[in-house]
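Let me begin by presenting the structure, written as structure tokens, before commenting on it.
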Amino acid sequence: MLVFENKSKEQTIILAIETSCDETAAAVMADGKLLSSVVHTQGIHQEYGGVVPEIASRAHLDKINSVTQAALGKANVSLHDITHVAVTHAPGLLGALITGLSFAKGLALSLDVPLVKVHHIKAHILAHFLDSSPPEFPFLSLVVSGGHTQLVIVKSDAEMEIIGETLDDAIGEAFDKAAKMMGLPYPGGPFLDKLAIEGNPKKFEFPKPNIEGYNYSFSGLKTALLYFLQKLSEEEKSASLPDICASYQKALVDFLLSKAISAMKAHGLKSWGLAGGVSANSYLRKRFHEIGEYNGWQSHIPAFEYCTDNAAMIAQAAHFLDLRNQTDPLSVEALATLSI
Ligand code: KG4
Ligand code: ZN
């Protein structure tokens, strides 16, 4: 039984499920208003220094029920009040995606409600609309996650154009692999970010990658860091770790933003946004706002909890799809890769 106010027969109540990588997440949204968002991060991968796909799938299976129950409970909504089940179907780890998709299909079938498939990266981009003052279309989205680095012109909730992307590592990987080289725990991005706060970003200089157009390449920077670290003794390394983190982070962020600035100017855009896990990075957030202010652009970053993987963004994306009457058959497949 639904216990929150103003329920009408027409009300749309979306239960959203996200299991594309190592977060098991569920959220409930009613008529575009987020009622709850629950995220369980699988700590077990820390032992292995990276996400182990098979372990991720099994861990999702263990948690998906309790995470979903928690989201329903927090929203004060019962399963029978759900009008749509939304789920990430791509891109991501195949086994992990299949776990969430199968669970969502089972729910949709038993509740006799439509299934809505959601693209994980589109959902990251649409996470801005969980905010009370979202960007106006069109805007430039800098998609910065563990698996993607893309510059996307977002023309509407449905029309998005990739104008540039990484040719090798994603920026999240560039953070995580660097952190691993420095002996930091997994996932290294947040640890590197924390250490860098104490360091001097101008202490060491890393070469700026020379890549045409709006594309990126981060593997050269990672290799430059590896050679740099190999030349240092253990004592030198630990003494200057915060400076190394700050300088390397600056090189990544400078490169990322330089292309985005050119794209903003070339396309005459006035708003830009960060999307994906790396938008939690404190240095990137600071620089992004400073540059936006300097150029008179509106800068948008989702609330911290909606930067990394979560199901609130899946619910938001499904809300947009529902407004366009887009639902999907139960034959929807999970896909490890799929462009937006
Ligand atoms: O979007 P996300 O949660 O998962 C993917 O879809 O990939 O992004 C995860 C990535 C990881 O590489 C993680 O290290 C990075 O986001 N990340 C950060 C920070 N917080 C998360 N990278 C740098 N600084 C952070 N504070
Ligand atoms: Zn993600």
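The values are calculated or read from the model by the stated rules, or taken from the named source; none is laboratory data. Everything quoted here is computed from the prediction, not taken from an experiment. Glycine gets a Cβ as well: all are built from the backbone with ideal geometry, and neighbour counts include every protein chain shown. The protein model used for the area step is the full one, side chains on, heavy atoms only, and it has no ligands, DNA or RNA in it. Shrake-Rupley method; radii C 1.70, N 1.55, O 1.52, S 1.80 Å.
Worth a mention:
- Sites Gln11 and Ile163, calculated FRET efficiency, Cβ-Cβ separation with R0 51 Å, nearest 0.05: 0.85
- Fully extending the segment from His80 to Glu293, taken as 0.36 nm per residue of separation minus the present Cα-Cα distance, adds 72.0 nm.
- Rolling a 1.4 Å probe over the heavy atoms of the protein chains gives the stretch 93-242 an accessible area of 46 Å² per residue.
- Paramagnetic reach from Gln46 (point 7 Å along Cα→Cβ, amide N under 16 Å) across the stretch 240-267: none
- Candidate lysines - alpha carbon under 21 Å from Lys74, same-chain residues fewer than 8 apart omitted: Lys7, Lys33, Lys63
- Spatially, the stretch 128-187 and the stretch 234-307 are offset by 11 Å when compared through their Cα centroids.
- Difference of contour (0.36 nm per residue) and Cα-Cα distance, Glu54 to Gln230: 60.1 nm
- Surrounding net charge for Leu225, when Lys and Arg each add one and Asp and Glu each subtract one, Cβ distance under 14 Å: +3
- The stretch 94-196 - percent relative contact order, Cα under 8 Å, separation 6 or more: 14 percent
- Relative packing of 87-100, 121-134, which averages over residues the other C-beta atoms within 10 Å, highest first: 87-100, 121-134
- Lysines whose Cα lies under 17 Å from that of Lys117, excluding same-chain neighbours fewer than 8 positions away: Lys105
- For the stretch 25-119, relative contact order (Cα pairs under 8 Å, six or more residues apart, normalised by length) works out to 27 percent.
- Directionally averaged shadow of the chain, computed from the convex hull of its alpha-carbon atoms, nm²: 17.1 nm²
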